[in-house]
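For reference, the structure is listed below as structure tokens.
The values are calculated or read from the model by the stated rules, or taken from the named source; none is laboratory data. Being a predicted model, the structure only gives us computed values, none of them experimental. Here the Cβ is made from the backbone with ideal geometry for all residues, glycine too, and neighbour counts use every protein chain on show.
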Amino acid sequence: MRSIKCAILFSGNGSNMQNLIESLHNKIFYDNANNPVRLETTLTLCNNPSAYGITRTHHLAIPCKIINHKDFSSRSDFDNAMIEMLRAHSIDIVLLAGFMRILTSCFTQAYQTINIHPSFLPEHKGANAIKESFNSTQSYGGVSVHWVNEELDSGEIIAQEKLHKIPNESLEDFTSRIHALEYSLYPRAILLALGLKDSVKSVEELQ
Ligand code: GAR
């Protein structure tokens, strides 16, 4: 059976990383010709040694390698160290889940990479998207999943959904609803990007 090996890169809390592993890892999907395809997350990479997400990977029993960007003198040296690690694990595709570093073209040319961003892009790019869209005069926020290029939160959109604001809602409640939408949209968008149908079976079910 064909297998697609994914690596997930994260920098902090890691809740999207955990959700992707719980939704997709070691599950069987079907391609357009109805051939089964197994998705595997064989590696996670984190650039921040104190990220809570590292603890999550231990509970999930998924390997996590820490490559601290502060140990490198340039962005491309850091990216090349990650590429080396991904190649050593025969990774096919990279999924960013709260990975807060801009990747250089050497990385985006080496690996097809998908990102999730908590706004209705191209609105509110950058690190404070949820707060900025909450404080904006727009009646909605949103979540976008897109292919990654070397520009911040740019690249072709794979899927995006709006989230309508509720009058008098707190930032905390709005943030929770954005995260809930992320957990629903990101796995679906990855399957769409990979041309796979969401008719899932676990590996155990097939045995
Ligand atoms: C998520 O909301 C993700 O969309 C965002 O960081 C958060 C990470 O949370 N990413 C970006 O803003 C990328 N520009 P998590 O670590 O709990 O998944």
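Just a few scattered comments:
- Condition broken by Ser11, with the remaining ones in (1) small (Gly, Ala, Ser); (2) in contact with a Gly (Cβ under 8 Å, 6 or more places away or on another chain); (3) more than 10 Å from the ligand (Cβ to nearest atom) satisfied: (3)
- Whenever a residue of the range 135-146 is aromatic (Phe, Trp, Tyr), its partners that are away from the ligand (no atom under 16 Å from the Cβ), lying with C-beta atoms within less than 6 angstrom and at least six residues away or across chains, give the pairs Tyr140/His164.
- Filter result for Val145 (closer than 16 Å to Ala7 by Cβ and within 16 Å of the ligand (Cβ to nearest atom)): no
- Enumerated helices (runs of 4 or more DSSP H) restricted to the range 97-207, each holding at least 1 residues that are closer than 28 Å to His69 by Cα: 105-110, 129-135, 171-193
- Candidates in the range 107-140 are the residues that are away from the ligand (no atom under 11 Å from the Cβ) and within 27 Å of Glu84 (Cα to Cα); of these, the one that is surrounded by the fewest Cβ atoms within 10 Å (Cβ to Cβ) is Gln109.
- Thr104 falls short on exactly one of the conditions (1) more than 12 Å from the ligand (Cβ to nearest atom); (2) more than 13 Å from Leu45 (Cβ to Cβ); (3) surrounded by 18 or more Cβ atoms within 10 Å (Cβ to Cβ), and that condition is (3).
- Verdict on Gly155 being within 15 Å of the ligand (Cβ to nearest atom), in contact (Cβ under 8 Å) with a residue 40 or more places away in the chain and in contact with a helix residue (DSSP H, G or I) (Cβ under 9 Å, 6 or more places away or on another chain): yes
- All conditions in (1) of a type outside the set (D, E, K, R); (2) surrounded by fewer than 19 Cβ atoms within 10 Å (Cβ to Cβ); (3) in contact with a strand residue (DSSP E or B) (Cβ under 9 Å, 6 or more places away or on another chain); (4) not in a helix (DSSP H, G or I) hold for Val94, with the sole exception of (2).
- Verdict on Asp173 being exposed (fewer than 15 other Cβ atoms within 10 Å of the Cβ), at pLDDT 95 or above and over 14 Å from the mean Cα position of the chain (by Cα): yes
- Looking only at the range 80-91, residues that are outside any helix (DSSP H, G or I) and crowded, with 19+ Cβ neighbours inside 10 Å come to 1 in all.
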